[in-house]
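Reading through the structure tokens given below for one structure.
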Amino acid sequence: MVARTAAPAGLYCKLTLRQSRLFWWMLAAALVATRMCHVGLLWEGDAYPLAAAQQMLHGRALYRDLWFDKPPLLALGYLLFGALPGWPLRLFGAFYSLVACRIAYAFGRELWSEREGRWAAALLGFSLCFDLPSAVIPVASDLLMVAPHLAAVWLARRRPFWSGALAAVAFWINPKGALVALVCLIWNPAGAVAMAAGFAAVSAAMLAWLAGTGALAAYGDEVWRWGRVYAARPFEDAPVHNGIVRTLGWAGFHAAIVAAAVWNAYRSRDRQGAVASSDTLRWIAWTIISLAGVTAGMRFFPRYYFLLLPAVVMLAARGFAMLKGRALFAVCLLLLIPLVRFGPSYVTAARGEEWRDTAIDRDSRAAAALVRTMAKPGDTLFVWGYRPEDYVYTGLPAATMYLDSQPLSGVPADRHLTQSTPVETEAPRERRAGLVRSAPTFILDGLGLYNPRLAIGTYPDLCAWFANYREVGRTGGTVIYWREAVR
């Protein structure tokens, strides 16, 4: 009798294991394939940390020698694959997304069962493929925060020290990581001391590193002071209306996971009655706090919604697991909305076709190609505008600590193509005084042709310095200047 029952059980285990392996291989293949379609492109979210990491490899200290208005773990993360564009960058993005899916799987399995775990991984992976390419392809700060965000909440009730440490990792990737710490505290108030210890341990290590490189004061100026100035001035005339429209748009494109999450909430309330349980309140708090983080700064860029995605995906995983028959089929059909909307973009990217969303990237590649035909060993580059990909495509070291013109003009990149009013004036003037002490071989003005009022030659305090340069070429959106005295 033992032999007869053991054989089917063993066969079932083998089939389950094969299904699990197939699931993860298929998920990994989807993540790799979608990202490899963009192997020849650099999105803004790629370019800035990639350029910063490459300048660090040239010997620049972050913040002290290199202006960078993001937390340090963003740039340091790009050093993990040598800060190389092309396939290393895209494989890194695929691997990171797979790690985030694995965390979602472990979280869902522990909360409910294997079924919910797989739904969580599948829904997160799907969401990390079918969204705006400029948001999901680059491993920018908002996306890079997804894995530690999920892991911190997952561990909040059973490993509070490591939950706090992971919340700190999220914080040193993106300041909104502080909200992750708040969610973890709500999930396990009794673990507050251990969480604080974990958060403090990681933060102390980061502060010690900044102090050791002489970059602590510069970090405060670039990340926090400039960040406050930037966040305080939304560029939209009606930011509340814009926020409502974009949030509804995000919910529409993610209708499947939103519907499943709502169904989960409805069924939970139905089972528990009118009085919400502590678990329900935790989920509500996680969702509300995440949505509050999306609204911070009143800009509502698509990538900001990655802060909301973990909570919605986990709720949706339970909802999908509870749905049956026609209801499940109907909600699954909603996945066609993002698939049909964003799926064709991968074909366009893979074919290298001209595409409105990649116009600036194509222009930067064309300008970099012209520079490379003229450049010699030892030449340096300065880019006016917000075109950090120029450093990547030319391979030239930066001549100054500034990778773009935002801190020099006082006009943030979210508006400088159409507006010219600075959000600060005195500090940019002082920084431009430092710029004139540099002598870059090439200057690429990637802003002036779009907004002539912000062209580099329009600043009186730069006129004498800029007189040493002459135009040697231009593309549709970039003017190339060369310092005559160096030849």
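What to note about this one:
- In this label model, Leu182 and Ala217 are separated by 3.2 nm, measuring between points 7 Å along each Cα→Cβ vector.
- The range 145-253 - Rg over Rh from alpha carbon coordinates, Kirkwood radius: 1.08
- Estimated distance in nm for a label pair at Ala238 and Glu471, the labels positioned 7 Å out from Cα along Cα-to-Cβ: 3.9
- Neighbourhood charge, 13 Å Cβ-Cβ cut-off, centred on Val183 and excluding it, Lys, Arg +1 and Asp, Glu -1: +3
- Cβ-placed point charges (K, R +1; D, E -1), dipole of the chain about Cα centre in debye, nearest 20: 1600
- Debye log10 I(q)/I(0) for the range 358-486, one point scatterer per Cα, at q = 0.15 Å⁻¹: -0.63
- Using all pairs of distinct alpha-carbon atoms, the Kirkwood hydrodynamic radius of the range 306-435 works out to 19.3 angstrom.
- Using Cβ point charges alone (K and R +1, D and E -1), the dipole size of the range 358-486 about the Cα centre works out to roughly 240 debye.
- 4 °C / 1.567 mPa s Stokes-Einstein diffusion coefficient of the range 247-393, Kirkwood radius on C-alpha pairs, µm²/s: 67
- Cut-off 14 Å between beta-carbons: net charge of the residues surrounding Phe92, Lys and Arg +1, Asp and Glu -1: +1
- Pairwise Cα inverse-distance average, inverted: Kirkwood Rh of the range 273-339 (Å): 14.0
- FRET efficiency, 1/(1 + (r/R0)^6) with R0 60 Å, evaluated for Ala292 and Arg362 via beta carbons: 0.95
- The chain, relative contact order [Cα under 8 Å, separation at least 6], %: 15
- About the centre of its Cα atoms, the range 255-410 shows a dipole size close to 740 debye [charges on the beta carbon of Lys, Arg (+1) and Asp, Glu (-1) only; nearest 20 debye].
- Whole-angstrom gap from the range 353-401 to the range 110-129, using each part's C-alpha centre: 40
- Kirkwood Rh and Cα Rg combined as Rg over Rh, evaluated for the chain: 1.01
- Cα long-axis angle, helix 114-127 against the chain (0 to 90 degrees, to the nearest 10): 20
Values in this text are rule-based calculations from the coordinates and carry no lab data. If you're wondering where the values come from, they're calculated on a predicted model, not measured in any experiment. Positions of Cβ are backbone-derived with ideal geometry, glycine not excepted, and every protein chain shown enters the neighbour counts.
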